[in-house]
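K.L.:
What follows is a single structure, and I will ask about it in a moment.
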Amino acid sequence: MNKLVFTLLFLLIGILQPIFAWADNPFSSTGTFSANIIAGTCTATVIAANGASGNSIDLGEIYLSEIVKKTDVIPFSLKFSGCLGVAKIAISNLAGQCSGSAATDSSFGNQLMGADASVGVGLDIWGNDVNSGTLFDCHNPKDNNVVITLAPTPVINPVDYIQNMHAQLVESSDASVSLAAGDFSAAVSFTVTYE
């Protein structure tokens, strides 16, 4: 019986010896982690109502009576393609050449001058629908006029999104100038921020 206890005790010490040795001399290892950190982004394109893409929207021929009655609503859109690593898109405008004699109207002013240029006309840009959407103010631009939420967390598969917009020619607030027909051109610069 004593021999059996001694053998079991010796066997037990032999099994536990590596465990006790490891406790006195713990195992350590070093890991190296690397990543390529990239910003989320999309490709942005302006799309006219007829489907044409580019940086210009042709408003067509608009009668002075349509400008006065505010019935000349021209749809267009901003298309965001291949969005990766993006959860939200925020669209704002930069201050521009505003309409009105003091250039302080919310509408964007006519950049054309001379005998062929329209007078007393401004351009309103709306995110979503006219009057119920968000007006992009030329004189007092705001950050994040339109915020598009693509997903609660940044998307990992390419996503496309179309933001509906509208343009509308309006009378400027300049009471000293009579509304006059002619050519019109306004530049609006949008800032797009990806989160």
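K.L.:
Just the residues that are in a strand (DSSP E or B) and more than 22 Å from the chain's Cα centre (by Cα), please, taken from region 169-195.
P.N.:
Within region 169-195, LEU169, VAL170, GLU171, ALA180, ASP183 meet the criteria.
K.L.:
Same structure again: Out of all the residues in region 122-147, which are within 18 Å of the chain's Cα centre (by Cα) and either among the basic types (Lys, Arg) or not in a loop (DSSP other than H, G, I, E, B) (or both)?
P.N.:
Selection gives ILE125, TRP126, GLY127, THR134, LEU135, PHE136, LYS142, VAL146, VAL147.
K.L.:
So, one more: Out of region 35-93, which residues are more than 19 Å from VAL188 (Cα to Cα) and of a type in the set (D, E, K, R)?
P.N.:
Within region 35-93, GLU61, GLU66, LYS69, LYS70, LYS88 qualify.
K.L.:
Considering region 68-92 alone, what residues qualify as being over 15 Å from ILE125 (Cβ atoms) and hydrophobic (A, V, I, L, M, F, W, C)?
P.N.:
Within region 68-92, VAL68, PHE80, CYS83, LEU84, VAL86, ALA87, ILE89, ALA90 qualify.
K.L.:
Of the residues ALA186, ALA151, which single one is hydrophobic (A, V, I, L, M, F, W, C) and surrounded by fewer than 16 Cβ atoms within 10 Å (Cβ to Cβ)?
P.N.:
So the residue among ALA186, ALA151 that is hydrophobic (A, V, I, L, M, F, W, C) and surrounded by fewer than 16 Cβ atoms within 10 Å (Cβ to Cβ) is ALA151.
K.L.:
To continue, here is another question. Within the set of pairs 6+ apart or on separate chains, which have a first residue in region 122-150 that is at positive phi, a second that is of a type in the set (Val, Ile, Thr) and crowded, with 16+ Cβ neighbours inside 10 Å, and C-beta atoms under 7 Å apart?
P.N.:
ASN128/THR134
K.L.:
Would you say ASN157 is more than 13 Å from PHE184 (Cα to Cα) and modelled with pLDDT under 90?
P.N.:
Taking the combined requirement at face value, the residue satisfies it.
K.L.:
Pull out all pairs, ordered by first then second residue, where Cβ-Cβ is under 8 Å, the residues are six or more apart or on different chains, the first lies in region 60-74 and is in contact (Cβ under 8 Å) with a residue 60 or more places away in the chain, and the second is exposed (fewer than 10 other Cβ atoms within 10 Å of the Cβ).
P.N.:
Close Cβ pairs satisfying both conditions: ILE74/GLY60.
The values are calculated or read from the model by the stated rules, or taken from the named source; none is laboratory data. These numbers were taken from a predicted model, which means no experiment stands behind them. Cβ sites come from the backbone with ideal geometry, for glycine too, and all protein chains shown count toward neighbours.
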